[in-house]
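Novice: Provided herewith is a single structure, encoded as structure tokens, for subsequent inquiry.
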Amino acid sequence: MADWISFWDTEHSIYVNARHRDVHYRTIAEHIDAMLALPAGHAREQGRDFAPVILDYGCGEALYAHLVARKARRLILCEAAPTVRKGLAERYAGDQNIQVCAPEDVAGMPEGSIDIIVMHSVLQYLTPEEADALFAHFRRLLTPRGHFFLGDVIPPDLPPSIDVLALLRFARANGFLLAALRGLVRTAFSNYPRLRSTLGLARYSEAAITAKLAAAGFSATRSPANIGHNPVRMTFLARPA
């Protein structure tokens, strides 16, 4: 994980330009915001108000976190990359209900203190053992009625070309296709392919990730749609069993 954190903490070409970065984070925030309707509906059925404490674990730059925070009592943005985390703290310094922290801070949070946990596009960088430990900790952090949204799970045998096609479709729809093509060339000559080749990316079938979550104490189902721009990857909705 350390090598991946170092990669994301440097200047890289994954986001091909400012437009790509902007629509990437806006899309994620809008999808998470829409998914909050599920726990909100459960709360209304039980006659409860819904102003959750939300943990976004591995949030990246989270340019549109305010879209999620507007429905939260508190939104906790957890990011491992120090430079990215510093930028988050500066960006949201004036937002009273947005807190920025490191993974070690999450490790010390009290049991049952979080209503909703989101972890998007992080699982692929974790070893199976790291994922098991994190899921078990999330289970302890969640309230009995809590929800865990696990996004961007990569299926087995998904070739990189599918990710490329998803990016190009997203780029064409959002007006940065030429920049995306140039960015793919830059990425091909960066250290990203070396990291992906040597470290690999964790991949799970629907059955495997459901079983993994069950072992940590969750009941999980696959969402009809993935968070983010890549429809071939998977999102799972999990609740304490």
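The values are calculated or read from the model by the stated rules, or taken from the named source; none is laboratory data. This one's a predicted model, so the numbers in the text were calculated from it and none came from an experiment. Cβ coordinates were reconstructed from backbone atoms using ideal geometry, including for glycine residues, and neighbour counts include every protein chain displayed. Surface accessibility is based on the protein's heavy atoms, side chains included, excluding ligands, DNA and RNA. Shrake-Rupley method; radii C 1.70, N 1.55, O 1.52, S 1.80 Å.
Novice: If a paramagnetic tag sat 7 Å from the Cα of Asp22 along the Cα-Cβ line, which residues of the range 52-67 would have the backbone N under 14 Å from that point?
Specialist: 63-64
Novice: Please quote Rg/Rh for the range 1-128 to two decimal places, taking the Kirkwood radius as Rh and restricting both calculations to Cα atoms.
Specialist: Here Rg/Rh amounts to 0.97.
Novice: Can you give me the relative contact order of the chain as a percent, contacts being Cα pairs under 8 Å and 6 or more apart?
Specialist: Result for the chain is 22 percent.
Novice: Please give me, ordered by residue number, the chymotrypsin sites (Phe, Trp or Tyr not before Pro) of the range 160-241 that lie in loop per DSSP and have at most 12 other Cβ atoms within 10 Å.
Specialist: Sparse-neighbourhood loop chymotrypsin sites (Phe, Trp or Tyr not before Pro): Phe189.
Novice: How far is helix 206-215 tilted off the main Cα axis of the chain, in degrees rounded to 10, range 0 to 90?
Specialist: The angle comes out near 40 degrees.
Novice: By how many nm would the segment from Val164 to Ala37 grow when fully extended, if each residue of separation counts as 0.36 nm and the alpha-carbon distance is taken off?
Specialist: Computed gain between Val164 and Ala37 is 42.6 nm.
Novice: May I pose another question? For Arg85, what charge total do you get from the other residues with a beta carbon under 12 Å from its beta carbon, if Lys and Arg give +1 and Asp and Glu give -1?
Specialist: -4
Novice: Lys and Arg at +1, Asp and Glu at -1: add these up for the other residues within a Cβ distance under 15 Å of Ser219 and post the number.
Specialist: On the way: positive: Arg139, Arg145, Lys212, Arg222, Arg239; negative: Glu206.
Computed value for this residue: +4.
Novice: Let me ask something additional. To check you understand DSSP bridge types, tell me what percent of the beta bridges within the range 1-149 (both residues inside) are antiparallel, rounded to 5.
Specialist: Approximately 0 percent, going by the DSSP bridge assignments.
Novice: Still on this structure: Among all stretches of the chain without exposed GluC sites (Glu not before Pro) (DSSP loop, at most 13 other Cβ atoms within 10 Å), which one is longest?
Specialist: With GluC sites (Glu not before Pro) excluded where exposed in loops, the chain gives 112-241 as its longest stretch.
Novice: First compute the accessible area of the range 1-136 with a 1.4 Å probe, then give the percent of it belonging to carbon and sulfur atoms.
Specialist: C and S atoms contribute 51 percent here.
Novice: Roughly how many nanometres apart are two label points built 7 Å out from the Cα toward the Cβ at Ala179 and Glu206?
Specialist: Output for this residue pair reads 3.5 nm.
Novice: What is the angle, in °, between the Cα long axis of helix 18-35 and the longest principal axis of the Cα atoms in the chain? Nearest 10 is fine, range 0 to 90.
Specialist: 30 degrees
Novice: Given a 1.4 angstrom probe, what's the average accessible area per residue across the chain, in square angstrom?
Specialist: Values: 11470 Å² over 241 residues.
Per residue, the chain has an accessible area of 48 Å².
Novice: Quick one: net charge of Arg74's neighbours, Cβ under 14 Å, K/R +1, D/E -1?
Specialist: -1
Novice: Does anyone have the angle between helix 160-174 and the longest principal axis of the chain? Alpha-carbon axes, 0 to 90°, nearest 10?
Specialist: Once rounded, the angle reads 80 degrees.
Novice: Please state the shape class of the range 117-241: rounded when a/c is under 1.5, otherwise prolate if a/b exceeds b/c and oblate if not, all from the C-alpha gyration tensor.
Specialist: In terms of gyration-tensor shape, prolate.
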